[in-house]
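The values are calculated or read from the model by the stated rules, or taken from the named source; none is laboratory data. Predicted, not measured: the structure shown is a model, and the values here were computed from it. As a convention, Cβ positions derive from the backbone with ideal geometry for all residues, glycine included, and neighbour counts pool all protein chains shown. With ligands, DNA and RNA removed, areas are computed over all heavy atoms of the protein, side chains included. Shrake-Rupley method; radii C 1.70, N 1.55, O 1.52, S 1.80 Å.
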Amino acid sequence: MAQTAKTKPNGPVAAGILASGIGAFTMGLLTTAAAASAGIAGALNWYGPVGPLSGKSLGAVIIWLVAWILLGSSWRGKEVVFGPVYRWTLILVALGLLLTFPPFFDLFE
């Protein structure tokens with residue numbers, strides 16, 4: 001008698017992967033915004049000794065966590081087409097890296 005493998009839906013996993021791309025992009029966006037505007041840099045200075053890095057990193061973590069919770073709850077128990085999730089994650093991570101690259105964000109200072 002052949003046994004069939006029972007698979008779990010991939011929605012929660014896809015949510016975690018896409019949320020990581022959103023978090024990476026947020027880090028890049030906040031880095032470039034802080035370089036472009038002294039006002040934004042000041043608003044991101046949540047802890048004096050660290051400077052704007054505190055707001056950039058904590059802001060990215062907060063957005064990553066919110067994205068993971070929202071996507072995870074909406075994709076819970078669902079089978080998601082993984083190709084577009086993977087492509088968007090790669091695009092967002094690449095943009096996040098570009099936006100944190102000093103020669104790039106220095107253009108906005």
Over region 59-74, the set of residues aliphatic (A, V, I, L, M) and open to solvent by 80 Å² or more (accessible area, probe 1.4 Å) is ILE62, ILE69, LEU70
Filtering region 75-89 down to residues that are of a type in the set (S, T, N, Q) and either without any contact (Cβ under 8 Å) to a residue 12 or more places away in the chain or open to solvent by 100 Å² or more (accessible area, probe 1.4 Å) (or both) yields none
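For region 70-105, how many residues are not charged (D, E, K, R) and not in a helix (DSSP H, G or I)?
The number of residues fulfilling the criteria is 6.
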Those residues of region 87-102 which are within 20 Å of PRO12 (Cβ to Cβ) and touching a Leu at 6+ places or on another chain (Cβ under 9 Å) amount to TRP88, THR89, LEU92
Here the residues within region 5-55 that are within 25 Å of TRP88 (Cα to Cα), of a type in the set (S, T, N, Q) and either in contact with a His (Cβ under 8 Å, 6 or more places away or on another chain) or not in a helix (DSSP H, G or I) (or both) are THR7, ASN10
Flagged in region 11-40 as farther than 30 Å from VAL81 by Cα and surrounded by fewer than 18 Cβ atoms within 10 Å (Cβ to Cβ), in numbering order, are ALA36, SER37, ALA38, GLY39, ILE40
Note on region 90-109: residues open to solvent by 80 Å² or more (accessible area, probe 1.4 Å) and either among the charged types (D, E, K, R) or farther than 21 Å from THR32 by Cα (or both) are GLU109
